[in-house]
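Just below is one structure, and these are the notes that go with it.
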Amino acid sequence: MNAPIMPHPVAGTEFRLEAHQDDIPTGQTLLKVDNVSLSFGGVKAIREVSFDIRKGEIRAIIGPNGAGKTSMLNVINGFYTPQQGTITYRGVPRRAMRSTQAARQGISRTFQNIALFKGMSTLDNIMTGRITLQKRNLFWQALWHGPAQAEEIEHRLAVEHIIDFLEIAHIRKTPVGRLPYGLQKRVELGRALAAEPALLLLDEPMAGMNLEEKEDMSRFILDVNNQFGTTIALIEHDMGVVMDISDRIVVLDYGRKIGDGKPAEIAADQAVIDAYLGVPHHD
């Protein structure tokens, strides 16, 4: 991908992802990873890694296969509990937090392997992302009356905005199992956005896509960041994409951090080149 990827105009700009707004200024630390280590038996997946994610940025996490990237996302969203270190989110440090708690506090994610309900429509899949924002209990939802009905309409309106934003209105009623891979990835992004996250974690959002699909997904990621101000941390192997859309990059290798900086700094970092980018060093 040679040309820089520019965000495209977004229809319906009145829509905002506001459920998890806070008072942290843009550019200040939203989440800090401090000296985190994670092991599975005798295998050390993450080794004393520290870095931060600033509000409003796109923060890439890169590295070879087995570097610990997905494990790091799993620590951030509470799926794994590290044996050492802390995660500080919105100024509150913690070692352990259930993934459901993370979701309710505004951390949403997509997965390396698509995790959608294949028999459900695009619209219904994206609606599942609103679960953490629902206020009415099961009794009112079963009656679908009064406050529950009003809340349902509100959630469906938000989902329709997301469908328009992602340009997938033509597949809104299509079971996602019938969709091509690239569109399934877009639906999964829609479901993550439906939770109105403050921090969006994307695990290889371009995996398995052709060039055109990658360009589309890159633009949507930029739009989410620019239009909604959503902070994004992403794992991605396509270095063209990473260099084009990221504000800062952290590099892992065998569970250790070996680089951290802006794209130009990472591209010139010899330790990163030797370990990951694959360009031989000549003295």
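The values are calculated or read from the model by the stated rules, or taken from the named source; none is laboratory data. Please read these numbers as outputs of a predicted model, since none were measured by experiment. All Cβ positions, even for glycine, are placed from backbone atoms using ideal geometry, and neighbour counts span all protein chains on display.
Values for this structure:
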quantity	calculated
Enumeration of residues in the stretch 89-103 that are more than 15 Å from the chain's Cα centre (by Cα) and not in a loop (DSSP other than H, G, I, E, B)	Tyr89, Val92, Pro93, Arg94, Thr100, Gln101
Some residue of the stretch 68-85 being charged (D, E, K, R), buried (at least 18 other Cβ atoms within 10 Å of the Cβ) and within 22 Å of Gln28 (Cβ to Cβ)	no
Residue match in the stretch 42-49 (condition: modelled with pLDDT under 90, part of a loop (DSSP other than H, G, I, E, B) and under 23 Å from Ala103 (Cβ atoms))	no
Filtered residue count, the stretch 189-227, keeping only those that are closer than 23 Å to Arg130 by Cβ, assigned to a helix (DSSP H, G or I), among the acidic types (Asp, Glu) and touching a helix residue (DSSP H, G or I) at 6+ places or on another chain (Cβ under 7 Å)	0
Subset of the stretch 36-49 (residues that are out of contact with any Lys or Arg (no Cβ under 7 Å at 6 or more places or on another chain) and closer than 14 Å to Ile258 by Cα)	Ile46, Glu48
Residue match in the stretch 228-242 (condition: touching a helix residue (DSSP H, G or I) at 6+ places or on another chain (Cβ under 6 Å), under 24 Å from Asn74 (Cα atoms) and part of a strand (DSSP E or B))	yes
Conditions (1) in the same structural domain as Arg90 (by TED's automatic domain parsing); (2) part of a loop (DSSP other than H, G, I, E, B): number failed by Lys173	(1)
Tabulated pairs, the stretch 116-128, first farther than 18 Å from Thr100 by Cα, second of a type in the set (Val, Ile, Thr) and not in a helix (DSSP H, G or I), C-beta under 8 angstrom, 6+ apart or interchain	Ser121/Thr174; Thr122/Ile168; Thr122/Thr174
